[in-house]
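Okay, so here's the structure we're looking at.
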Amino acid sequence: MNIWQKLTDKPWLAQPEGMDPALLQNPQQYWPERTALRFFMLTASVVFSLFVMTMLGRSQLPDFHALAGEPWLPLSQPGQLWWNSGMLLLGSISLHSALVLMRRNKQQMALIAVVVGWLLTLLFLVAQYQVWQQLAFAGFGFTSNPASNYFYLLSAVHGVHLLGGLIAISTVLHLLWQQQSAETITGRLSLCVTYSHFMLVVWLLLFALLTSPASTIDTLAALCGFSGGGYD
Amino acid sequence: MTAGVEVGQKEHEDHSGSFLTRYVWSQDHKVIAIQYGVTAILVGLVALLLSALMRLQLGFPDQFSFINPASYLQFVTMHGMIMVVYLLTALLLGGFGNYLIPLMVGARDMVFPYLNMLSYWTYLLSVIVLMASFFVPGGPTGAGWTLYPPQAILPGTPGAEMGILMMLISLGIFIVAFTMGGLNYVCTVLQARTRGMTLMRMPLTIWGIFVATIMGLLAFPALLVSAIMMFLDSVAGTSFFMPAVMSLGEQLDHSGGSPILFQHLFWFFGHPEVYIVALPAFGMVSDVLATHARKNIFGYRMMVWAIVIIGGLSFVVWAHHMYVSGMNPYFGFFFATTTLIIAVPTAIKVYNWILTLWRGNIHLTVPMLFAIGFIFTFVHGGLSGLFLGNVVIDLPLSDTYFVVGHFHMVMGVSPVMVLFAAIYHWFPKVSGKMLHTGLGKFHFWATFLGTYAVYLPMHYLGFLGVPRRYYAMGGTDFIPESAQSLNASITVSAIIVAVVQLIFVFNLIWSLRHGKAAGHNPWQATTLEWQTPDTPPKHGNWGATQPVVYRWAYDYSVPGAKDDFIPQNVPDSAVEVTDKLAFAEAGK
């Protein structure tokens, strides 16, 4: 029964006598954690979207100077960020492999894949911190200009969300260590994998935005209605 | 990942445990609801006291040495923020949402009880941080409840040092608490409904709370984002919102930021917030009206659709709070149009409430009085909203008492009327005791008439041009002196209304011990929370077996049925029918 059919239901009419009321409901899997994760990802998407919207708006004010686009700008050749993105991608793939291995009942291999995924994600966070240090060393500290503000802010917010993911993956490791049932582990792991992919996509979008030259940012801002330096 | 709705039964069978785990660190949704409710009411009383202090200054200027311009602004700010976020949102969703969702959908508890407990303690932390700001150097922020930059963090604004930071931190913590609670409410509605409880059989209370929670999950991020950015502007010297500013003769480090950007973010949260408060109230008042008029709710499907449509539209009207910010006139036109469109589903709801009452068997119980009172105050607040939704009328009225009168009628008094209706209606289930009817009726009439005496004259003050937010009138010679007499009268009424609320608090406490025993279903209501085997319901709610739902929530006065209500968990075969033909014609 789709949502339209549900909303046009006539609940005041009696159900046929003797009919099991449960037949009126869609048989659905009881998996509230998955529902919660979906709503959480929705909420997190709004957080990131709003930060990005404010950045696009702020970019149209005269003191905003993009961090890429000219040879002397620090993110014109973001080699380190490519490496970092690679780590996050590999981490996500590793976790996905763990899920596939769990489904094939290869628990030991899955444990290794989860550990690798966990380490790569942690490594990504450390490497991001290194990028911060490099930027600051190059004279683009947190408060140096609005574009820097947003680079640090957005990467920090992404990092905090990723830290939450690391904690969740740690609980999977705990379950694996305790040799809990495969069904329990697979369920939890599949949620971690979904979240990990989500955070990867968010990072790639942020990466693309934060390393865009001024012209690209201006185009995006114009598409969102921010042009002429105002928010009106 | 287990199938079936009987999940969680086993863990709820164990009622043992220490006092601490049962009543303090409890994971039972009912205990958590009461914790939320008591905390919200206590902090609400603080906000009520602050409003009385504001009114003392406005009614009798400069008579009280402990109120100065700075403290006045702090009272305004803290009153507004506490009432909107820490009282109304917390009580409606954290309190009633927690208590009613599992009971009304036939679940044993929330789907994540531990997270639910964590949500309350995080909320309490946010309240403690907020209250602590009264005691930091410089006191709480006096930036106005909208916390507009640049003034919110500039020297000269009360609480610009520590107070504003405490406010922003507290809001951040509150949003974390709300997210934990909100995920619980949504997942419980979607996943833990008992057998037969289809979405369209859910009581409107649950629909209101459900949609409002989804809105909260989408709107509170805007407040979080703006709070984080303003916090950084204040402590790290960034310029997200801060333009170049000369302060006390000195050029500050900020430059280039946009204060209007903050306004957009704030109201992208702020307007949905109005409906985050209103939708649960709409739902609860629908159930109270139907129960006490002994009549099915008129246009149930339309009521559900209206809740969903209002929820959606509320995200595209935010800038009607910003007509005076100098926005592009085309934007103003767009937002005026969406604002007027949202009046359509809202009006549908009002008509349906009135049509529910029409030819109903109206019982003027205390909850019903408050519910009918709500229809009056909401219509008044809504109608003045139609004026303010139009740009040309809003511009001259925006910074006057007309707006104060409007939003207090629609956003303050109306949800509070529903909260009182809900407390009088569900208190017997929560405590097993009835609230005292005489005290309740006195409380209603004094509150209803008193709030009219407070807020109706404010509309006239607004027409006269009396500015809001001002500590004293100063050089506003165009305002006649009679306005001051009206202000004094409003203050006297406000203090009477405030004192009357103490009678309500007394009634709550007195009735807990001395109230008449309520029995299982004192209002002869149909919804599931009244069908529990125990009153108050025990941990796990339903004893050995969960209820099975056979009908919608509004089978009142069904033609041909012997009783004037048929509970949701009663199958047709168990209904005592006196006129089979009439019963069948009614679609039963």
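Any read-out appearing in this document is the output of simple, stated calculations on the displayed coordinates, not a laboratory observation. Computed from a prediction, not measured in an experiment: that's the story for all the values here. Heads up, the Cβs are rebuilt from the backbone with ideal geometry, glycines too, and the neighbour counts pull from every protein chain shown.
Pull out the extension gain between A:THR184 and A:TRP72, defined as 0.36 nm times the separation in residues minus the alpha carbon to alpha carbon distance; nm, one decimal. Walk me through the numbers on the way to the answer.
Numbers: separation 112, 0.36 × 112 = 40.32 nm, distance 5.19 nm.
Difference between extended and current length: 35.1 nm.
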Worksheet item: Shielding of A:23-34 by partners, i.e. mean partner chain Cβ atoms within 10 Å per residue?
Response: 6
Fill in: Sequence ranges B:505-515, B:223-233, B:485-495, ranked by mean other-Cβ count within 10 angstrom, highest first
B:223-233, B:485-495, B:505-515
Response to the item:
Going fewest to most other Cβ atoms within 10 Å around each Cβ, B:GLU161, B:GLU250 line up as B:GLU250, B:GLU161
Worksheet item: Label A:CYS224 and B:VAL492 with points 7 Å out from Cα along Cα→Cβ: what is the distance between them in nm?
Response: 5.5 nm
Worksheet item: For a label point 7 angstrom out from the Cα of B:ILE128 toward its Cβ, which stretches of the stretch B:135-168 have the backbone nitrogen within less than 13 Å?
Response: none
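Ranking request for peptides A:126-133, B:195-202, A:166-173: highest mean number of other beta-carbon atoms within 10 Å first, then the rest in descending order. Intermediate results must be reported in sequence, preceding the final value.
Working: A:126-133: 15.0, B:195-202: 23.1, A:166-173: 17.1.
Going from most to least packed, we get B:195-202, A:166-173, A:126-133.
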Worksheet item: Relative to the longest principal Cα axis of chain A, at what angle does helix A:32-58 sit, 0 to 90 degrees, rounded to 10?
Response: 20 degrees
Worksheet item: Given the pairs B:LYS295/B:LYS580; B:LYS441/B:LYS588; A:LYS10/B:LYS441; B:LYS295/B:LYS562, which span a C-alpha to C-alpha distance of over 26 angstrom in this model?
Response: B:LYS441/B:LYS588; A:LYS10/B:LYS441
Fill in: Residues with amide H under 5 Å from that of B:PHE565, placed H, sequence gap 5 or more
B:SER557
Discussion item. Compute the helix-to-body angle for B:482-514: its Cα long axis versus the longest principal axis of chain B, expressed 0 to 90° and rounded to tens.
Written reply: 40 degrees
Item to complete: Tell me, rounded to the nearest percent, the portion of alpha carbon pairs in the stretch B:391-454 spaced more than 17 Å apart.
Response: 54 percent
Worksheet entry | chain A, helix-only ellipticity at 222 nm - DSSP H runs n ≥ 4, -39,500 (n - 2.57), divided by all residues, nearest 500 | -24000 deg cm²/dmol
Worksheet, complete the sentence: The residues B:TYR455, B:TYR23, A:TYR195, sorted from fewest to most surrounding Cβ atoms within 10 Å, come out as B:TYR23, A:TYR195, B:TYR455
Worksheet item: Which distance in Å, rounded to a whole number, links the C-alpha centroids of the stretch A:14-30 and the stretch B:327-372?
Response: 34 Å
Discussion item. Taking amide H atoms as placed 1.01 Å from N in the peptide plane, list the residues 5 or more away in sequence, or in a different chain, whose amide H sits under 5 Å from that of B:LYS433.
Written reply: B:ALA518
Item to complete: Please work out the C-alpha center-to-center distance from the stretch B:488-544 to the stretch A:150-222 and express it in whole Å.
Response: 46 Å
Item to complete: Quick one: work out Rg over Rh on the C-alpha atoms of chain B, Rh as Kirkwood radius.
Response: 0.98
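Figure the gain on full extension for B:LEU464 and B:ALA582 (residue separation times 0.36 nm, minus the Cα-Cα span) and round it to one decimal in nm. Intermediate values should be presented prior to the final figure.
Details: separation 118, 0.36 × 118 = 42.48 nm, distance 5.89 nm.
Stretched out fully, the B:LEU464 to B:ALA582 stretch lengthens by 36.6 nm.
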Worksheet item: Per q in 0.12, 0.16 1/Å, what log10 I(q)/I(0) does a Debye calculation on the alpha-carbon atoms of the stretch A:81-202 return?
Response: -0.47, -0.72
Worksheet item: If you rank B:VAL392, B:VAL136, B:VAL558 by fewest surrounding Cβ atoms within 10 Å, what's the result?
Response: B:VAL392, B:VAL136, B:VAL558
Worksheet, complete the sentence: Expected unfolding gain across B:ALA347-B:ASP253 under the 0.36 nm per residue rule, minus the alpha-carbon gap, is 28.9 nm
Worksheet item: Any idea how far the Cα center of the stretch B:406-461 sits from the one of the stretch B:52-126, in Å?
Response: 16 Å
Fill in: Per-residue average of Cβ from other chains inside 10 Å of B:189-200
6
Fill in: Number of partner chain Cβ atoms within 10 Å, mean per residue of A:174-181
0
